[in-house]
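Engineer: Shown below is the structure under consideration.
The values are calculated or read from the model by the stated rules, or taken from the named source; none is laboratory data. Keep in mind it's a predicted model, so treat the numbers as computed, not measured. Every residue, glycine as well, gets a Cβ built from its backbone with ideal geometry; the counts of neighbours run over all protein chains shown. Ligands, DNA and RNA are excluded from the accessible area calculation, which covers all protein heavy atoms including side chains. Shrake-Rupley method; radii C 1.70, N 1.55, O 1.52, S 1.80 Å.
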Amino acid sequence: MQDLALPPATLLDALGAPQKGAYAGRIASAEFAGGRLGGWRKKAWRYAGVFRDDLAIGAAIADLGYLGLTFVYVAEGGRFYECAWKSPAAVGMRVGAADGTSVALAPGRMVTLATTRTGGVTVSLALTGIRAELDIEGGATPLTVVSDVGGIAGATGMTVKSAGLLTRGTLCVQGRNYTLDDARACLDFTQALFPRRTVWSWATAGGLADDGRAVGFNLARGVHDDALGRFSENALWLDGTPAALPAVSFTAAPGAAPWTIRSADGAVDLRFQPRGERAEDVSYLLLSSRYRQPFGTFSGQLRDARGRAVEVEGLPGVTEDHAALW
């Protein structure tokens with residue numbers, strides 16, 4: 001298991017090839033041929049998940065070119081509220097750059113995920129029954145991965161992720177008001193030319209470890225795994241600093257049954273207990289998608305490439321099981 005490298009100054013090298021790898025930090029100039037992932041870009045999304053022991057909030061804006069998808073959900077105790085919509089050709093939806101603003105607009109609906117000057121994100125939600133203004137802290141070092149997506153040469157993609165970020169703000173759901181001053185957030189920005197069939201498993205969470213340190217992690221299989229095993233998008237954040245985690249396998253269970261996420265060397269050994277889930281099956285023209293995003297809590301242990309070890313119990317977050325033909 002190699003640790004994260006420092007990011008290159010540019011996404012492309014002198015010959016115009018993507019500089020593949022996993023990096024601790026942002027790539028200052030994320031330029032593919034044709035602009036900032038402009039004409040080259042086929043699919044892009046931005047996601048923010050905010051978690052507290054009694055709340056889970058998820059918001060995503062996705063531009064698939066021929067279709068735009070937006071969803072927001074709030075899991076509040078045993079209650080679940082969701083607002084989701086689709087837009088042909090992604091009309092009214094825009095996924096900006098990793099350091100920019102993404103927005104989705106429809107009559108009576110507005111979702112904005114905007115990067116701040118300090119590298120944080122402001123989440124603004126104005127939907128029927130759900131309103132929120134959330135400030136996700138900046139300053140933590142993100143993970144950036146550039147890879148052949150799905151191990152297929154030419155299907156190049158980039159993802160920028162962070163986990164365990166302190167979040168403050170206000171939430172109103174169905175007339176009930178919350179002040180969030182101790183929630184934690186996980187962020188995902190992805191742009192890629194995906195292969196026609198893409199399947200992945202994903203997990204992310206943030207909060208406090210058993211010893212009181214701020215902790216977050218990102219674990220995935222099926223998308224940004226290097227074919228030679230040199231890097232992946234698996235990382236552990238302790239007090240805002242990320243380090244690499246090894247490759248993992250997922251045992252995804254149905255319904256409320258627990259999941260397991262483990263590495264062959266035992267450095268990652270987690271049990272995930274779902275409390276509920278957001279699920280959606282989509283069939284639209286050339287697109288079909290089977291999607292589950294359970295939310296719940298993680299317990300177990302993690303040890304990263306620097307030898308930093310941490311134990312967690314009841315750490316809130318989400319998993320994801322997704323198979324797409326797009």
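Engineer: Give me the dipole magnitude in Debye, nearest 20, for segment 42-189 about the Cα centre, with unit charges on the beta carbon: positive for Lys and Arg, negative for Asp and Glu.
Structural biologist: In total the dipole reaches around 380 debye.
Engineer: If you roll a 1.4 Å probe over segment 51-189 with all protein chains in place, what percent of the accessible area is carbon or sulfur?
Structural biologist: Carbon and sulfur: 52 percent of the exposed surface of segment 51-189.
Engineer: Moving to a separate point now. Just how large is the dipole of segment 172-326 about the Cα centre, in debye to the nearest 20, putting +1 at every Lys and Arg Cβ and -1 at every Asp and Glu Cβ?
Structural biologist: Result for segment 172-326 is approximately 340 debye, rounded to the nearest 20.
Engineer: Oh, and also: Post the alpha-carbon centroid distance, segment 68-94 to segment 311-326, in whole angstrom.
Structural biologist: Here the two parts' Cα centres lie 18 Å apart.
Engineer: Answer with one residue from Gly222, Gly92, Ala324: the one whose Cα lies farthest towards the positive end of the charge dipole of the chain, charges on Cβ with Lys, Arg +1 and Asp, Glu -1.
Structural biologist: Farthest towards the positive end: Gly92.
Engineer: Which Cα, out of Gly58, Gly120, Val72, lies furthest along the positive dipole direction of segment 48-145 (beta carbon charges, K/R +1, D/E -1)?
Structural biologist: My answer, from the dipole projection, is Val72.
Engineer: Sticking with this structure for a sec: Among Phe298, Trp237, Val173, whose Cα projects farthest towards the positive end of the dipole of segment 163-315, with charges put on the beta-carbon of Lys, Arg (+1) and Asp, Glu (-1)?
Structural biologist: Result: Val173, furthest along the dipole toward the positive end.
Engineer: What accessible area per residue, rounded to a whole number of Å², is obtained for the chain using a probe radius of 1.4 Å?
Structural biologist: Value for the chain: 40 Å² per residue.
Engineer: Here is a further query. So if I place +1 on the C-beta of Lys and Arg and -1 on the C-beta of Asp and Glu, and nothing else carries charge, what would the dipole magnitude of the chain be about its Cα centre? I want it in debye, nearest 20.
Structural biologist: The dipole of the chain has a size of about 840 debye.
Engineer: Could you check how much of the accessible area of segment 209-297 is carbon and sulfur, as a whole percent, using a 1.4 Å probe?
Structural biologist: 52 percent
Engineer: Okay, moving on. So if we plug the beta-carbon distance of Arg79 and Ala264 into 1/(1 + (r/R0)^6) with R0 = 51 Å, what FRET efficiency do we get, rounded to 0.05?
Structural biologist: Using R0 = 51 Å, I get an efficiency of 0.80.
Engineer: Another question, then. From the phi of every residue in segment 241-247, what ³J(HN,Hα) in whole Hz does the Karplus formula 6.51 cos²θ - 1.76 cosθ + 1.60 yield, where θ is phi - 60° and glycine or proline is x?
Structural biologist: Residue by residue, segment 241-247 yields 10, x, 9, 6, 10, x, 4 Hz.
Engineer: Work out which trypsin sites (Lys or Arg not before Pro) in the chain are exposed loop sites (DSSP not H, G, I, E or B, at most 11 other Cβ within 10 Å) and give the longest gap free of them.
Structural biologist: In short, 197-326.
Engineer: Sticking with this structure for a sec: Using only alpha carbon pairs under 8 Å that are at least six residues apart, calculate the relative contact order of the chain and give it in whole percent.
Structural biologist: Relative contact order here is 14 percent.
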